[in-house]
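Have a look at the structure below, then the notes.
The values are calculated or read from the model by the stated rules, or taken from the named source; none is laboratory data. Quick caveat, the model's predicted, so the values are computed rather than measured. Counting neighbours? That spans all protein chains shown, and the Cβs are built from the backbone with ideal geometry, glycine included. We work out accessible area using only protein heavy atoms, side chains counted, and drop any ligands, DNA or RNA first. Shrake-Rupley method; radii C 1.70, N 1.55, O 1.52, S 1.80 Å.
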Amino acid sequence: MREVAIVGIGQTPVGEHWDRSLRDLSVQAILDALDDAHIARADALYIGNMLSGELASQEHLGALVADHLGLAGMEAIKIEAACGSGGAAVRSGALAVASGQQDVVIAAGVEKMTEMSSNCTTRYLASAADGDYEAAQGFSFVAINALIMQRYMYEHGLHKEDFAPFAVNAHANAVGNPHAMFRRPITEAQFRAAKPICAPITLLDSSPMADGAAAVILCPLDRAREFSERPIRIAASALATDTVALHDRRDVLFLQAGYESARRAYRQAGVGPDDIDLFELHDAFTIMAALSLEATGFAERGQGVRLAQEGEITRRGRIPICTMGGLKGRGHPVGATGVYQIVEAVQQLRGQAGDNQIEARRAMTQNIGGSGATIVTHILETMD
Amino acid sequence: MDIARHWRLRDQRYNLQGTVCAGCGHKMFPPRVVCPECRSRKIETFEFSGQGEVYSHTVVYQAPEGFDAYVPYVAALVRLEEGPLISAQLTDVNVDEVAIGLPVEMVTRKLTEQEENGLIVYGYKFRPRF
Ligand SMILES: [Zn+2]
(Lines give C-alpha, C1' and ligand atoms only; values in the text may rest on other atoms or scores of the structure.)
Protein backbone atom coordinates (compact mmCIF):
# COMPACT_ATOMS: atom_id res chain seq x y z
CA MET A 1 0.00 0.00 0.00
CA ARG A 2 1.23 3.52 -0.84
CA GLU A 3 1.25 6.40 1.61
CA VAL A 4 -1.24 9.19 0.78
CA ALA A 5 -1.03 12.99 1.04
CA ILE A 6 -3.54 15.85 0.86
CA VAL A 7 -2.35 18.46 -1.65
CA GLY A 8 -5.41 20.63 -2.20
CA ILE A 9 -8.42 21.92 -0.23
CA GLY A 10 -11.60 23.81 -1.10
CA GLN A 11 -14.79 24.77 0.73
CA THR A 12 -17.85 26.91 0.20
CA PRO A 13 -19.18 29.07 3.01
CA VAL A 14 -21.71 27.10 5.08
CA GLY A 15 -25.18 28.61 5.25
CA GLU A 16 -28.57 28.86 3.60
CA HIS A 17 -27.66 29.06 -0.08
CA TRP A 18 -31.07 29.71 -1.61
CA ASP A 19 -29.43 30.75 -4.89
CA ARG A 20 -27.06 27.78 -5.22
CA SER A 21 -27.86 24.21 -6.26
CA LEU A 22 -26.27 20.94 -5.21
CA ARG A 23 -24.15 20.92 -8.36
CA ASP A 24 -23.14 24.61 -8.00
CA LEU A 25 -21.85 24.04 -4.47
CA SER A 26 -20.03 20.81 -5.35
CA VAL A 27 -18.35 22.27 -8.42
CA GLN A 28 -17.24 25.43 -6.60
CA ALA A 29 -15.61 23.55 -3.71
CA ILE A 30 -13.89 21.08 -6.05
CA LEU A 31 -12.60 23.75 -8.47
CA ASP A 32 -11.13 25.61 -5.47
CA ALA A 33 -9.41 22.39 -4.34
CA LEU A 34 -8.08 21.67 -7.84
CA ASP A 35 -6.76 25.27 -8.07
CA ASP A 36 -5.12 24.88 -4.67
CA ALA A 37 -3.24 21.84 -6.05
CA HIS A 38 -2.48 23.71 -9.30
CA ILE A 39 -4.23 21.09 -11.45
CA ALA A 40 -7.24 21.04 -13.76
CA ARG A 41 -8.20 17.36 -13.66
CA ALA A 42 -8.08 14.24 -11.53
CA ASP A 43 -8.39 10.48 -12.03
CA ALA A 44 -11.38 9.81 -9.79
CA LEU A 45 -14.06 11.46 -7.64
CA TYR A 46 -15.61 10.11 -4.42
CA ILE A 47 -18.40 12.38 -3.24
CA GLY A 48 -19.99 12.02 0.18
CA ASN A 49 -23.67 12.87 0.49
CA MET A 50 -26.58 11.66 2.57
CA LEU A 51 -29.89 13.02 1.29
CA SER A 52 -29.60 14.40 -2.25
CA GLY A 53 -32.35 12.06 -3.48
CA GLU A 54 -34.87 13.03 -0.81
CA LEU A 55 -34.04 16.73 -0.43
CA ALA A 56 -32.95 17.80 -3.92
CA SER A 57 -34.54 15.06 -6.08
CA GLN A 58 -31.10 14.19 -7.40
CA GLU A 59 -29.15 10.96 -7.10
CA HIS A 60 -26.27 9.74 -9.27
CA LEU A 61 -24.08 12.51 -7.86
CA GLY A 62 -20.76 10.97 -8.93
CA ALA A 63 -21.52 11.22 -12.62
CA LEU A 64 -23.40 14.51 -12.29
CA VAL A 65 -20.57 16.35 -10.58
CA ALA A 66 -17.85 14.80 -12.76
CA ASP A 67 -19.84 15.95 -15.79
CA HIS A 68 -20.19 19.53 -14.53
CA LEU A 69 -16.48 19.68 -13.69
CA GLY A 70 -15.88 18.98 -17.37
CA LEU A 71 -14.35 15.67 -16.34
CA ALA A 72 -16.91 13.13 -17.60
CA GLY A 73 -15.05 9.91 -18.23
CA MET A 74 -13.33 9.54 -14.89
CA GLU A 75 -14.39 7.09 -12.17
CA ALA A 76 -16.92 8.88 -9.96
CA ILE A 77 -19.32 7.59 -7.29
CA LYS A 78 -21.38 8.82 -4.36
CA ILE A 79 -20.48 7.49 -0.91
CA GLU A 80 -23.27 7.33 1.69
CA ALA A 81 -22.94 6.69 5.42
CA ALA A 82 -25.51 9.16 6.84
CA CYS A 83 -23.74 12.10 8.57
CA GLY A 84 -20.51 10.09 8.24
CA SER A 85 -20.62 10.25 4.43
CA GLY A 86 -17.89 12.90 4.11
CA GLY A 87 -15.36 11.06 6.24
CA ALA A 88 -16.21 7.85 4.39
CA ALA A 89 -15.62 9.61 1.04
CA VAL A 90 -12.16 10.78 2.16
CA ARG A 91 -11.36 7.25 3.30
CA SER A 92 -12.57 5.82 -0.04
CA GLY A 93 -10.35 8.28 -1.89
CA ALA A 94 -7.36 7.48 0.31
CA LEU A 95 -7.87 3.74 -0.29
CA ALA A 96 -8.04 4.29 -4.06
CA VAL A 97 -4.69 6.12 -4.02
CA ALA A 98 -3.09 3.74 -1.49
CA SER A 99 -4.04 0.72 -3.61
CA GLY A 100 -2.32 2.12 -6.69
CA GLN A 101 -5.55 2.01 -8.73
CA GLN A 102 -5.78 5.83 -8.86
CA ASP A 103 -3.14 8.56 -8.66
CA VAL A 104 -4.82 11.94 -8.22
CA VAL A 105 -8.20 11.73 -6.53
CA ILE A 106 -10.91 14.20 -5.48
CA ALA A 107 -12.69 13.40 -2.20
CA ALA A 108 -15.63 15.73 -1.66
CA GLY A 109 -18.81 16.10 0.35
CA VAL A 110 -21.97 18.07 -0.34
CA GLU A 111 -25.38 18.58 1.24
CA LYS A 112 -28.29 20.86 0.36
CA MET A 113 -30.60 20.91 3.38
CA THR A 114 -32.62 24.08 2.91
CA GLU A 115 -34.64 23.00 -0.14
CA MET A 116 -37.57 21.84 1.98
CA SER A 117 -39.33 22.81 5.21
CA SER A 118 -37.43 21.87 8.35
CA ASN A 119 -39.98 19.27 9.56
CA CYS A 120 -39.59 17.54 6.21
CA THR A 121 -35.78 17.61 6.48
CA THR A 122 -36.13 16.37 10.08
CA ARG A 123 -38.12 13.39 8.79
CA TYR A 124 -35.48 12.46 6.21
CA LEU A 125 -32.60 12.92 8.68
CA ALA A 126 -34.30 10.28 10.84
CA SER A 127 -33.61 7.78 8.04
CA ALA A 128 -30.08 7.58 9.50
CA ALA A 129 -31.75 5.73 12.39
CA ASP A 130 -33.74 2.46 12.25
CA GLY A 131 -36.63 3.28 9.91
CA ASP A 132 -39.05 0.61 11.16
CA TYR A 133 -38.28 0.78 14.88
CA GLU A 134 -37.09 4.32 15.68
CA ALA A 135 -38.25 6.76 12.97
CA ALA A 136 -41.66 5.05 12.61
CA GLN A 137 -42.32 5.70 16.31
CA GLY A 138 -42.00 9.46 15.76
CA PHE A 139 -38.37 9.60 16.91
CA SER A 140 -36.44 12.41 15.27
CA PHE A 141 -32.67 12.34 15.16
CA VAL A 142 -32.63 15.03 17.86
CA ALA A 143 -34.91 12.87 20.03
CA ILE A 144 -32.48 9.95 19.84
CA ASN A 145 -29.59 12.17 20.93
CA ALA A 146 -31.78 13.59 23.71
CA LEU A 147 -32.35 10.04 25.03
CA ILE A 148 -28.58 9.58 25.25
CA MET A 149 -28.11 12.96 26.95
CA GLN A 150 -30.88 12.39 29.50
CA ARG A 151 -29.43 9.02 30.55
CA TYR A 152 -25.88 10.45 30.59
CA MET A 153 -26.98 13.27 32.94
CA TYR A 154 -28.76 10.72 35.19
CA GLU A 155 -25.79 8.34 35.44
CA HIS A 156 -23.13 11.03 35.91
CA GLY A 157 -25.11 13.45 38.08
CA LEU A 158 -24.97 16.33 35.59
CA HIS A 159 -27.32 19.16 34.64
CA LYS A 160 -27.99 20.34 31.13
CA GLU A 161 -26.21 23.66 31.86
CA ASP A 162 -23.00 21.67 32.34
CA PHE A 163 -22.84 21.15 28.55
CA ALA A 164 -22.61 24.90 27.83
CA PRO A 165 -18.80 25.05 27.37
CA PHE A 166 -19.05 22.91 24.20
CA ALA A 167 -21.41 25.36 22.47
CA VAL A 168 -19.63 28.46 23.82
CA ASN A 169 -16.27 27.17 22.54
CA ALA A 170 -17.68 26.27 19.11
CA HIS A 171 -19.25 29.70 18.61
CA ALA A 172 -16.13 31.49 19.88
CA ASN A 173 -14.06 29.66 17.27
CA ALA A 174 -16.60 30.19 14.47
CA VAL A 175 -16.10 33.97 14.83
CA GLY A 176 -12.65 33.63 13.24
CA ASN A 177 -13.72 31.32 10.39
CA PRO A 178 -14.90 33.19 7.27
CA HIS A 179 -16.64 30.01 6.02
CA ALA A 180 -18.66 29.48 9.23
CA MET A 181 -22.44 29.88 9.40
CA PHE A 182 -22.64 31.51 12.87
CA ARG A 183 -19.83 34.04 13.24
CA ARG A 184 -20.98 35.32 16.62
CA PRO A 185 -20.18 34.31 20.19
CA ILE A 186 -22.80 33.01 22.63
CA THR A 187 -22.84 33.25 26.44
CA GLU A 188 -23.66 30.66 29.09
CA ALA A 189 -26.75 32.73 29.95
CA GLN A 190 -27.99 32.45 26.36
CA PHE A 191 -27.27 28.71 26.46
CA ARG A 192 -29.37 28.30 29.61
CA ALA A 193 -32.27 30.27 28.13
CA ALA A 194 -32.40 28.45 24.78
CA LYS A 195 -35.64 26.87 23.58
CA PRO A 196 -35.93 23.06 23.84
CA ILE A 197 -36.21 21.01 20.64
CA CYS A 198 -36.30 17.61 22.34
CA ALA A 199 -35.67 18.12 26.06
CA PRO A 200 -33.00 18.28 27.42
CA ILE A 201 -31.57 19.23 23.98
CA THR A 202 -32.14 22.88 23.06
CA LEU A 203 -31.40 24.94 19.97
CA LEU A 204 -27.96 25.79 21.43
CA ASP A 205 -26.99 22.15 21.98
CA SER A 206 -27.69 21.47 18.29
CA SER A 207 -25.76 22.10 15.11
CA PRO A 208 -27.84 23.84 12.41
CA MET A 209 -29.15 22.42 9.14
CA ALA A 210 -27.14 24.03 6.35
CA ASP A 211 -25.95 23.90 2.75
CA GLY A 212 -22.32 23.48 1.85
CA ALA A 213 -19.62 21.56 0.01
CA ALA A 214 -15.96 20.83 0.72
CA ALA A 215 -13.26 18.95 -1.17
CA VAL A 216 -9.70 17.67 -0.85
CA ILE A 217 -7.20 16.48 -3.48
CA LEU A 218 -5.29 13.29 -2.65
CA CYS A 219 -2.17 11.83 -4.28
CA PRO A 220 0.66 9.39 -3.49
CA LEU A 221 2.92 10.86 -0.79
CA ASP A 222 6.05 10.54 -2.94
CA ARG A 223 4.49 12.85 -5.58
CA ALA A 224 3.02 15.36 -3.12
CA ARG A 225 5.62 18.11 -3.69
CA GLU A 226 4.61 18.27 -7.38
CA PHE A 227 1.28 19.75 -6.30
CA SER A 228 1.82 21.51 -2.97
CA GLU A 229 4.51 23.31 -1.01
CA ARG A 230 2.89 22.14 2.22
CA PRO A 231 1.47 18.66 1.66
CA ILE A 232 -0.21 16.96 4.61
CA ARG A 233 0.28 13.25 5.23
CA ILE A 234 -2.70 10.99 6.02
CA ALA A 235 -1.14 9.05 8.89
CA ALA A 236 -4.27 7.02 9.60
CA SER A 237 -7.74 6.34 8.19
CA ALA A 238 -10.18 4.00 9.91
CA LEU A 239 -13.92 3.32 9.84
CA ALA A 240 -15.93 1.18 12.25
CA THR A 241 -19.63 0.40 12.68
CA ASP A 242 -22.06 -0.27 15.52
CA THR A 243 -25.78 -1.11 15.70
CA VAL A 244 -27.92 1.37 13.74
CA ALA A 245 -30.63 1.53 16.43
CA LEU A 246 -29.73 3.08 19.77
CA HIS A 247 -31.91 0.49 21.56
CA ASP A 248 -29.72 -2.32 20.19
CA ARG A 249 -26.49 -0.98 21.77
CA ARG A 250 -24.91 -2.93 24.58
CA ASP A 251 -24.14 0.46 26.16
CA VAL A 252 -26.03 3.51 24.90
CA LEU A 253 -23.54 5.88 26.61
CA PHE A 254 -20.43 4.65 24.81
CA LEU A 255 -19.48 5.16 21.14
CA GLN A 256 -18.08 1.70 20.51
CA ALA A 257 -17.43 2.51 16.82
CA GLY A 258 -15.69 5.72 17.90
CA TYR A 259 -13.47 3.75 20.23
CA GLU A 260 -12.77 1.06 17.63
CA SER A 261 -12.00 3.43 14.72
CA ALA A 262 -9.76 5.58 16.98
CA ARG A 263 -7.95 2.47 18.27
CA ARG A 264 -7.21 1.38 14.68
CA ALA A 265 -6.15 4.93 13.73
CA TYR A 266 -3.79 5.29 16.70
CA ARG A 267 -2.22 1.94 15.78
CA GLN A 268 -1.80 2.89 12.10
CA ALA A 269 -0.17 6.20 13.01
CA GLY A 270 1.84 4.76 15.91
CA VAL A 271 0.55 7.45 18.29
CA GLY A 272 -1.86 7.91 21.19
CA PRO A 273 -4.17 10.69 22.46
CA ASP A 274 -1.22 12.55 24.08
CA ASP A 275 0.38 13.01 20.63
CA ILE A 276 -2.63 14.78 19.08
CA ASP A 277 -2.45 18.60 18.92
CA LEU A 278 -6.05 19.28 17.91
CA PHE A 279 -9.24 17.27 17.43
CA GLU A 280 -12.01 18.14 14.99
CA LEU A 281 -14.85 16.11 16.50
CA HIS A 282 -18.49 15.65 15.54
CA ASP A 283 -20.44 18.01 17.82
CA ALA A 284 -23.79 17.56 16.07
CA PHE A 285 -25.10 17.83 19.64
CA THR A 286 -23.14 18.74 22.79
CA ILE A 287 -23.62 15.19 24.13
CA MET A 288 -21.84 13.80 21.03
CA ALA A 289 -18.80 15.99 21.74
CA ALA A 290 -18.58 14.53 25.26
CA LEU A 291 -18.98 10.94 24.03
CA SER A 292 -16.41 11.42 21.25
CA LEU A 293 -13.81 12.72 23.76
CA GLU A 294 -14.47 9.65 25.92
CA ALA A 295 -14.36 7.14 23.04
CA THR A 296 -11.01 8.45 21.80
CA GLY A 297 -9.23 8.41 25.17
CA PHE A 298 -9.08 12.17 25.87
CA ALA A 299 -11.42 11.73 28.84
CA GLU A 300 -12.51 8.87 31.10
CA ARG A 301 -16.11 7.66 30.94
CA GLY A 302 -18.39 10.42 32.20
CA GLN A 303 -15.54 12.97 32.26
CA GLY A 304 -15.95 14.50 28.77
CA VAL A 305 -18.09 17.32 30.16
CA ARG A 306 -15.59 18.03 32.95
CA LEU A 307 -12.78 18.35 30.38
CA ALA A 308 -14.85 21.08 28.69
CA GLN A 309 -15.69 22.78 32.01
CA GLU A 310 -11.99 22.95 32.86
CA GLY A 311 -11.32 24.86 29.64
CA GLU A 312 -9.17 22.08 28.14
CA ILE A 313 -11.10 22.08 24.80
CA THR A 314 -10.38 25.71 23.90
CA ARG A 315 -7.61 26.79 21.51
CA ARG A 316 -5.29 27.19 24.52
CA GLY A 317 -6.39 23.98 26.26
CA ARG A 318 -4.86 20.51 26.41
CA ILE A 319 -6.92 19.24 23.44
CA PRO A 320 -8.46 22.02 21.31
CA ILE A 321 -11.68 20.87 19.59
CA CYS A 322 -13.88 22.46 16.92
CA THR A 323 -11.08 24.94 16.23
CA MET A 324 -12.89 26.50 13.24
CA GLY A 325 -16.33 26.39 14.87
CA GLY A 326 -17.20 22.70 14.73
CA LEU A 327 -20.60 21.49 13.56
CA LYS A 328 -22.31 23.87 16.01
CA GLY A 329 -20.64 27.07 14.80
CA ARG A 330 -19.48 26.32 11.25
CA GLY A 331 -22.74 24.50 10.47
CA HIS A 332 -23.58 20.86 9.68
CA PRO A 333 -24.35 20.16 6.01
CA VAL A 334 -24.51 16.48 6.94
CA GLY A 335 -22.82 14.65 4.03
CA ALA A 336 -20.19 17.41 3.66
CA THR A 337 -19.27 17.73 7.35
CA GLY A 338 -16.62 15.00 7.39
CA VAL A 339 -14.78 16.74 4.54
CA TYR A 340 -15.02 20.17 6.22
CA GLN A 341 -13.34 18.61 9.28
CA ILE A 342 -10.44 17.39 7.11
CA VAL A 343 -10.16 20.75 5.28
CA GLU A 344 -10.05 22.62 8.62
CA ALA A 345 -7.42 20.26 10.06
CA VAL A 346 -5.31 20.88 6.93
CA GLN A 347 -5.72 24.66 7.35
CA GLN A 348 -4.40 24.35 10.91
CA LEU A 349 -1.47 22.10 9.92
CA ARG A 350 -0.50 24.38 7.01
CA GLY A 351 -0.61 27.46 9.22
CA GLN A 352 -3.56 28.89 7.25
CA ALA A 353 -6.10 29.10 10.08
CA GLY A 354 -5.86 32.90 10.44
CA ASP A 355 -7.11 34.24 13.78
CA ASN A 356 -7.74 30.67 14.95
CA GLN A 357 -4.23 29.36 14.31
CA ILE A 358 -2.93 26.75 16.75
CA GLU A 359 0.64 25.46 16.93
CA ALA A 360 0.01 21.97 15.56
CA ARG A 361 1.85 19.18 13.78
CA ARG A 362 -0.69 16.38 14.19
CA ALA A 363 -4.50 16.61 13.99
CA MET A 364 -7.29 14.08 14.41
CA THR A 365 -10.81 14.17 12.94
CA GLN A 366 -13.81 12.04 13.89
CA ASN A 367 -16.97 11.99 11.77
CA ILE A 368 -20.09 10.26 13.11
CA GLY A 369 -22.96 8.77 11.10
CA GLY A 370 -26.33 8.35 12.82
CA SER A 371 -26.28 8.10 16.61
CA GLY A 372 -22.88 6.39 16.31
CA ALA A 373 -23.43 3.53 13.83
CA THR A 374 -20.67 4.65 11.43
CA ILE A 375 -17.61 6.46 12.81
CA VAL A 376 -14.63 7.51 10.70
CA THR A 377 -11.36 8.62 12.30
CA HIS A 378 -8.45 10.25 10.46
CA ILE A 379 -5.04 11.38 11.72
CA LEU A 380 -3.16 13.99 9.64
CA GLU A 381 0.45 15.15 10.02
CA THR A 382 2.76 17.83 8.65
CA MET A 383 5.72 16.55 6.60
CA ASP A 384 8.52 18.74 7.94
CA MET B 1 -47.52 4.66 -0.13
CA ASP B 2 -45.82 2.19 2.20
CA ILE B 3 -48.90 0.08 3.06
CA ALA B 4 -47.04 -3.22 2.62
CA ARG B 5 -44.42 -2.09 5.13
CA HIS B 6 -47.01 -1.39 7.82
CA TRP B 7 -48.73 -4.73 7.13
CA ARG B 8 -45.39 -6.55 7.35
CA LEU B 9 -44.75 -5.09 10.83
CA ARG B 10 -48.14 -6.13 12.28
CA ASP B 11 -46.85 -8.88 14.62
CA GLN B 12 -44.28 -6.52 16.09
CA ARG B 13 -46.59 -3.50 16.29
CA TYR B 14 -49.57 -5.30 17.90
CA ASN B 15 -48.00 -8.23 19.77
CA LEU B 16 -44.37 -7.23 20.46
CA GLN B 17 -43.26 -10.34 18.62
CA GLY B 18 -39.47 -10.64 18.69
CA THR B 19 -37.07 -13.55 18.64
CA VAL B 20 -35.04 -15.72 21.01
CA CYS B 21 -31.75 -17.49 20.22
CA ALA B 22 -31.97 -21.29 20.56
CA GLY B 23 -28.20 -21.33 21.03
CA CYS B 24 -27.65 -18.92 23.92
CA GLY B 25 -31.13 -17.78 24.99
CA HIS B 26 -30.57 -14.13 24.01
CA LYS B 27 -33.90 -12.35 23.50
CA MET B 28 -34.28 -9.81 20.71
CA PHE B 29 -36.69 -7.03 19.85
CA PRO B 30 -36.91 -6.18 16.96
CA PRO B 31 -36.59 -9.73 15.56
CA ARG B 32 -33.33 -10.85 13.92
CA VAL B 33 -32.24 -13.88 11.88
CA VAL B 34 -28.69 -13.98 13.33
CA CYS B 35 -28.01 -13.79 17.09
CA PRO B 36 -25.69 -10.80 17.73
CA GLU B 37 -24.30 -12.52 20.85
CA CYS B 38 -23.30 -15.96 19.49
CA ARG B 39 -23.94 -15.73 15.69
CA SER B 40 -26.33 -18.67 15.88
CA ARG B 41 -28.94 -18.82 13.11
CA LYS B 42 -31.24 -21.05 15.18
CA ILE B 43 -33.74 -18.35 16.03
CA GLU B 44 -37.32 -18.80 17.27
CA THR B 45 -40.15 -16.31 17.66
CA PHE B 46 -40.74 -14.91 21.14
CA GLU B 47 -43.58 -12.73 22.36
CA PHE B 48 -42.62 -10.10 24.90
CA SER B 49 -44.90 -9.40 27.89
CA GLY B 50 -45.03 -5.65 27.32
CA GLN B 51 -43.93 -4.92 30.92
CA GLY B 52 -40.94 -2.70 31.49
CA GLU B 53 -39.55 0.51 32.93
CA VAL B 54 -38.38 3.82 31.52
CA TYR B 55 -34.62 3.79 30.81
CA SER B 56 -34.45 7.28 29.26
CA HIS B 57 -36.92 9.86 27.98
CA THR B 58 -37.32 13.11 26.05
CA VAL B 59 -40.12 15.55 25.30
CA VAL B 60 -40.37 16.20 21.57
CA TYR B 61 -41.28 19.83 20.73
CA GLN B 62 -40.15 19.83 17.09
CA ALA B 63 -41.38 16.69 15.37
CA PRO B 64 -40.56 15.06 12.07
CA GLU B 65 -43.14 15.46 9.29
CA GLY B 66 -46.11 13.20 10.03
CA PHE B 67 -45.92 13.76 13.80
CA ASP B 68 -46.32 17.59 14.00
CA ALA B 69 -49.92 17.31 15.15
CA TYR B 70 -48.96 15.45 18.33
CA VAL B 71 -46.32 17.72 19.91
CA PRO B 72 -45.33 17.84 22.66
CA TYR B 73 -45.04 14.07 23.10
CA VAL B 74 -42.76 11.83 25.13
CA ALA B 75 -40.30 9.52 23.36
CA ALA B 76 -38.60 6.93 25.53
CA LEU B 77 -36.27 4.01 25.72
CA VAL B 78 -38.09 1.32 27.71
CA ARG B 79 -36.18 -1.58 29.31
CA LEU B 80 -38.46 -4.60 28.76
CA GLU B 81 -38.53 -7.01 31.71
CA GLU B 82 -37.12 -9.75 29.44
CA GLY B 83 -34.00 -7.63 28.76
CA PRO B 84 -34.04 -5.63 25.50
CA LEU B 85 -34.52 -1.88 25.19
CA ILE B 86 -37.33 -0.69 22.91
CA SER B 87 -37.90 2.75 21.36
CA ALA B 88 -41.49 3.88 21.90
CA GLN B 89 -43.66 6.83 22.83
CA LEU B 90 -45.22 7.11 26.29
CA THR B 91 -48.95 7.80 26.48
CA ASP B 92 -51.60 8.56 29.14
CA VAL B 93 -48.96 10.37 31.19
CA ASN B 94 -48.18 13.94 32.28
CA VAL B 95 -44.84 15.15 31.00
CA ASP B 96 -43.81 16.05 34.60
CA GLU B 97 -44.50 12.51 35.87
CA VAL B 98 -42.03 10.88 33.49
CA ALA B 99 -38.83 9.72 35.16
CA ILE B 100 -36.16 7.11 34.70
CA GLY B 101 -37.34 3.93 36.44
CA LEU B 102 -41.08 4.58 35.95
CA PRO B 103 -42.84 1.18 35.54
CA VAL B 104 -44.74 1.04 32.22
CA GLU B 105 -46.79 -1.40 30.14
CA MET B 106 -47.47 -1.71 26.42
CA VAL B 107 -50.74 -0.51 24.90
CA THR B 108 -51.93 -0.21 21.30
CA ARG B 109 -52.42 3.35 20.08
CA LYS B 110 -52.48 5.40 16.89
CA LEU B 111 -48.93 6.30 15.83
CA THR B 112 -49.77 8.62 12.94
CA GLU B 113 -52.21 9.36 10.15
CA GLN B 114 -50.68 9.57 6.71
CA GLU B 115 -51.86 12.65 4.86
CA GLU B 116 -51.15 11.34 1.38
CA ASN B 117 -53.43 8.25 1.56
CA GLY B 118 -55.41 8.59 4.80
CA LEU B 119 -53.79 5.46 6.25
CA ILE B 120 -53.97 5.37 10.06
CA VAL B 121 -50.97 3.59 11.52
CA TYR B 122 -51.41 1.79 14.86
CA GLY B 123 -48.66 0.38 17.01
CA TYR B 124 -47.24 0.06 20.50
CA LYS B 125 -46.86 2.84 23.02
CA PHE B 126 -46.27 2.49 26.77
CA ARG B 127 -48.28 3.90 29.69
CA PRO B 128 -47.60 4.01 33.44
CA ARG B 129 -48.45 0.74 35.24
CA PHE B 130 -50.92 0.97 38.09
ZN1 LIG C 1 -27.21 -16.53 20.67
For residues in segment B:69-86 being free of Cβ contacts under 8 Å to residues at least 40 places away in the same chain and of a type in the set (D, E, K, R), which is most open to solvent (accessible area, probe 1.4 Å)?
B:GLU81
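So that you can scan it fast, the table gives a plain yes or no per residue for (1) surrounded by 15 or more Cβ atoms within 10 Å (Cβ to Cβ); (2) acidic (Asp, Glu); (3) in contact with a strand residue (DSSP E or B) (Cβ under 7 Å, 6 or more places away or on another chain):
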site	(1), (2), (3)
A:GLU3	no, yes, yes
A:ILE9	yes, no, yes
A:ARG23	yes, no, no
A:ALA72	no, no, no
Please state which one of A:ASP19, A:ASP67 is modelled with pLDDT of 95 or more, farther than 28 Å from A:LYS328 by Cβ and not hydrophobic (A, V, I, L, M, F, W, C).
A:ASP67
Pairs only if they're at least six apart or on different chains, beta carbon under 7 angstrom, first in segment B:27-41 and within 13 Å of another protein chain (Cβ to nearest Cβ), second of a type in the set (Phe, Trp, Tyr); list them, first residue then second.
B:LYS27/B:PHE46; B:PHE29/B:PHE48; B:PRO30/A:TYR133
Restricting to segment A:131-157, count the residues that are more than 8 Å from every other protein chain (Cβ to nearest Cβ) and open to solvent by 10 Å² or more (accessible area, probe 1.4 Å).
6
Could you please find all residues in segment A:170-201 being assigned to a helix (DSSP H, G or I) and open to solvent by 40 Å² or more (accessible area, probe 1.4 Å)?
A:ALA172, A:GLU188, A:ALA189, A:GLN190, A:ARG192, A:ALA193
Of the conditions (1) in a loop (DSSP other than H, G, I, E, B); (2) open to solvent by 10 Å² or more (accessible area, probe 1.4 Å); (3) away from chain B (no Cβ under 14 Å), A:MET209 satisfies every one except a single condition; which number is it?
(3)
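Considering only helices (runs of 4 or more DSSP H) fully contained in segment A:271-343, which possess at least 2 residues that are outside the structural domain of A:THR12 (by TED's automatic domain parsing), basic (Lys, Arg) and touching a residue at least 24 places away in the same chain (Cβ under 8 Å)?
Values: elements: A:286-295, A:304-309, A:326-330.
Hits in segment A:271-343: A:326-330.
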Quick one: count up the residues across segment B:87-112 that are on the phi < 0 side of the Ramachandran plot, loosely packed, with under 13 Cβ neighbours inside 10 Å and among the acidic types (Asp, Glu).
2
With open to solvent by less than 10 Å² (accessible area, probe 1.4 Å) and at pLDDT 95 or above as the only criterion, which of A:ALA299, A:ALA265 stands out?
A:ALA265
Among the candidates A:ASP222, A:ASP242, residue that is touching a residue at least 60 places away in the same chain (Cβ under 8 Å) and away from chain B (no Cβ under 14 Å):
A:ASP222
What pairs can you find where one residue is in segment A:351-370 and in the same structural domain as A:GLY272 (by TED's automatic domain parsing), the other is exposed (fewer than 15 other Cβ atoms within 10 Å of the Cβ) and at pLDDT below 95, and their Cβ atoms are less than 9 Å apart, with a gap of 6+ or different chains?
A:ARG361/A:ASP384
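Consider A:ALA240 carefully, then state whether it is in contact with a helix residue (DSSP H, G or I) (Cβ under 9 Å, 6 or more places away or on another chain) and farther than 30 Å from A:ALA33 by Cβ. Working first, answer last.
Numbers: in contact with a helix residue (DSSP H, G or I) (Cβ under 9 Å, 6 or more places away or on another chain): yes; farther than 30 Å from A:ALA33 by Cβ: no.
Judged against the criteria, A:ALA240 is not a match.
So which residues in segment A:25-50 are over 12 Å from A:ALA66 (Cα atoms) and open to solvent by less than 10 Å² (accessible area, probe 1.4 Å)? Give the steps one after another, and end with the answer.
Step one: of segment A:25-50, the residues over 12 Å from A:ALA66 (Cα atoms) are A:25, A:28-29, A:32-40, A:48-50.
A:LEU25, A:ALA29, A:ALA33, A:LEU34, A:ALA37, A:GLY48, A:ASN49, listed by residue number.
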Residues that are open to solvent by 10 Å² or more (accessible area, probe 1.4 Å) and not in a helix (DSSP H, G or I), drawn from segment A:84-128:
A:GLY100, A:GLN101, A:GLN102, A:ASP103, A:VAL104, A:THR114, A:GLU115, A:MET116, A:SER117
